[in-house]
Each structure stands twice: as C-alpha cells, then as structure tokens.
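Undergrad: Pasting a structure below so you can have a look.
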Amino acid sequence: MNTEILSTDDPLAISRALEILHAGGLVAFPTDTVYGLGCLAFNQIAIESIYIAKDRPLEKAIPILIADVDDLEKVAAYIPNMARTFASRFWPGPLTCIVPKKQSLPAAVSATATVAIRIPDHHDTRALLRAAGPMAVTSANISGQPSPSTAHEVYDQLNGRIPLILDGGKTKGGIPSTLVDCTGEKPVILREGPISLSELLAALNL
C-alpha cells in the first residue's frame, strides 16, 4: 500500500479523505493533542483494521471524535445530564466523556456498554468530522511507540499500513485528555489529564 501525504490546506484534502473513509479505509490527521488515526465510527471492518495497522491489543477500546455537541446523539444511547454539562463547559477541548453506547456502534469500538467521546479543539479535525460524521480515532502510532506530533512522524511509523495522512503541521502534543466516566451519580476520572476533578465538580456545582 502506498501512503499518500496531503496538506490540510489542499482543497482536495477532505474529499480525498472522504473517498478513503467511505471505502472503509483509514486516515491519519492532526488533532489538538497528537496525530490521530481514524475511520468511520459505524464501520466494524474499518475499526478492526485500526488494530491491525497499529498492532494494537484488541481489548483496548477506541474513542469516538465528533465535531459538535449535537453529534452526541448519533453515538450515545442517551446523554446523562452530567455529560451535557461537561460538553457545554469543556468542549471543544481535552475532556473525554464516557457515556452509554448506542447499540448500533460496532463492538470493535468498545466491548462494554459504554463509549468514550470527545470534541477536539482543532479546526481541521472538526472540518473533517463535520464532513465524515463521527469517527473512531486513536493515536497514529504503532502501539507502544511515541505518539506522533507531525505528519512525517506518522509516516515513519505507518508508511505502507494506511493510505492517507493529512499534514496540518506540528501539533501541540502534551498531555492526553482527561477521561471521565459520566454514567454514575458523580464523575469518576479514569485518566488524569489537563482538566482536574475539582474543575469538573465546580462545573456541576458540587
């Protein structure tokens, strides 16, 4: 497989990405943290190919990225009030919310009854998501290797494994998003990140 690199400034970038995504392929692209590797969220076979491309352990769930809060209803069975509050306060940004999973989402996204969802704070990423719809996205690296912050770092690891990399320059990198379970009575942080528990509790007036 030849791996193509297109600038996000290329007027054909999104249409080329959509062509690949709708054919069940994978696309790497910049986010507000590192480069991500993604496919359409409702394509089971494409999601399985993410695990293959990354040599990723099958037991690891894959988060869903969406462009706008309204897209939550496309991937969540229902939206807890806690998640709505966090979405209005912290999205787009480095907070990933775990909510009940819509049954139509493939098992390859998550083997449990929940799914992790985030809106990234990145113009190019959200433009792609608005065009494609919800995407299953994880970091664009071989599992266990450094997460890439440039398109060429993605290429060094995934050349020949994926068809397209969208080059949006160097990403900010840094700390992964805070991962919070929104399915209970109170928020439970499963991964520490830029947004603290005290900030979450303050948003809920707790």
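The values are calculated or read from the model by the stated rules, or taken from the named source; none is laboratory data. The structure displayed is predicted, hence computed values, not measured ones. Glycine gets a Cβ as well: all are built from the backbone with ideal geometry, and neighbour counts include every protein chain shown. We work out accessible area using only protein heavy atoms, side chains counted, and drop any ligands, DNA or RNA first. Shrake-Rupley method; radii C 1.70, N 1.55, O 1.52, S 1.80 Å.
Undergrad: Among all residue pairs at least 6 apart or on different chains, which show Cβ distances below 7 Å where the first residue, located in segment 132-161, is over 17 Å from P30 (Cβ atoms) and touching a residue at least 24 places away in the same chain (Cβ under 8 Å) and the second is among the charged types (D, E, K, R) and open to solvent by less than 30 Å² (accessible area, probe 1.4 Å)?
TA: P134/D71; I142/K54; S143/K54
Undergrad: Specify which of the listed residues (I47, I62) is over 11 Å from the mean Cα position of the chain (by Cα), in contact (Cβ under 8 Å) with a residue 40 or more places away in the chain and over 20 Å from G169 (Cα atoms).
TA: Values: I62 fails: over 11 Å from the mean Cα position of the chain (by Cα).
Just one listed residue meets the conditions, I47.
Undergrad: Can you name the strands (runs of 3 or more DSSP E) wholly within segment 136-206 that have at least 1 residues being buried (at least 16 other Cβ atoms within 10 Å of the Cβ) and modelled with pLDDT of 95 or more? Can you show your working first?
TA: Values: elements: 164-167, 178-181, 188-191.
The qualifying strands (runs of 3 or more DSSP E) are 164-167, 178-181.
Undergrad: Quick one: count up the residues across segment 110-135 that are in a loop (DSSP other than H, G, I, E, B) and either touching a Phe, Trp or Tyr at 6+ places or on another chain (Cβ under 9 Å) or over 23 Å from Q44 (Cβ atoms) (or both). Give the derivation first.
TA: So the first thing to find is which residues in segment 110-135 are in a loop (DSSP other than H, G, I, E, B), and the list is 110-113, 119-122, 133-134.
Filter again for either touching a Phe, Trp or Tyr at 6+ places or on another chain (Cβ under 9 Å) or over 23 Å from Q44 (Cβ atoms) (or both), leaving 119-122, 133-134.
Final tally of qualifying residues: 6.
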